[in-house]
Amino acid sequence: FVLRIRDVPRDRDADLQAGLARLTTLGLPNYFGAQRFGDKNVERAVAFITGKTRPPRAPHERKLLVSALQSHLFNAYLAERVLEGTLAVVEAGEVVKKEDTGGLFEVEDVAEVQSRVDRFEVSSTGPMFGPKMRWPSGAPREREERILASLSLDEPSLERMGKLAAGTRRVIRVRPEDATITRDGDDVVLEMTLPKGSYATTVLDELFKDALVEHREPR
């Protein structure tokens, strides 16, 4: 990514450099960006999954609605972790992902896995709900069930998604690589590499904290 941010006051330069250094070291919340959502897509998805309405005829529209629903629920889960300060803190029973191979495993030895999290070797994952999603156990599972129930959904209702969204796990933190931010007149230019599926807008939200949205409600 190469992003130009216009009309940035020069007195923000030091803060931006410090913020970028923090993000490249500690990571940032892996929110879905606002472009993932459309007008009332989440509400429409819930309506047909719960049987209140018929699903759209077009397969691509059904898939779009379910994708928006998955993203909304993931963001809701992630917002809780951010507000609790547990973005990089693991708990027994949750599912984490290896940064190098992408392999998933359930946390048993919290101290051992936490040391790997601190070194950014593994990261916690959040739910991308679907009938074949791998669930955590214990308290982490209870949290995800509660997030799902916030929209009057449960595990059996996920079966109605069928092949539209099998379900998966998504890491809750990412960090930009090869990141630099430079001054160009009244603008600043941000260059970075992000993992596939992450959003440059979330990096901007973190760098310009007044624009940060912790949790986006469905429209």
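The values are calculated or read from the model by the stated rules, or taken from the named source; none is laboratory data. In this text, all values refer to a predicted model and were calculated from it rather than measured experimentally. In this analysis, Cβ positions are derived from the backbone assuming ideal geometry, glycine residues included, and neighbour counts consider all displayed protein chains. To get the accessible areas, we keep the full protein, side chains included, count just its heavy atoms, and leave off ligands, DNA and RNA. Shrake-Rupley method; radii C 1.70, N 1.55, O 1.52, S 1.80 Å.
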Quick one: in the stretch 1-38, which of the residues that are closer than 23 Å to GLY130 by Cβ and not aromatic (Phe, Trp, Tyr) is most open to solvent (accessible area, probe 1.4 Å)?
GLN35
Of the residues SER71, SER67, which is in a helix (DSSP H, G or I) and either without any contact (Cβ under 8 Å) to a residue 60 or more places away in the chain or touching a helix residue (DSSP H, G or I) at 6+ places or on another chain (Cβ under 6 Å) (or both)?
SER71
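So that you can scan it fast, the table gives a plain yes or no per residue for (1) buried (at least 17 other Cβ atoms within 10 Å of the Cβ); (2) assigned to a loop (DSSP other than H, G, I, E, B); (3) touching a residue at least 40 places away in the same chain (Cβ under 8 Å); (4) polar (S, T, N, Q):
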| residue | (1), (2), (3), (4) |
| --- | --- |
| THR53 | no, yes, no, yes |
| ARG57 | no, yes, no, no |
| LEU87 | yes, yes, yes, no |
| VAL96 | yes, no, no, no |
How about the stretch 146-193: which of its residues are open to solvent by 40 Å² or more (accessible area, probe 1.4 Å), closer than 18 Å to PHE120 by Cα and out of contact with any Asp or Glu (no Cβ under 8 Å at 6 or more places or on another chain)?
ARG175, GLU177
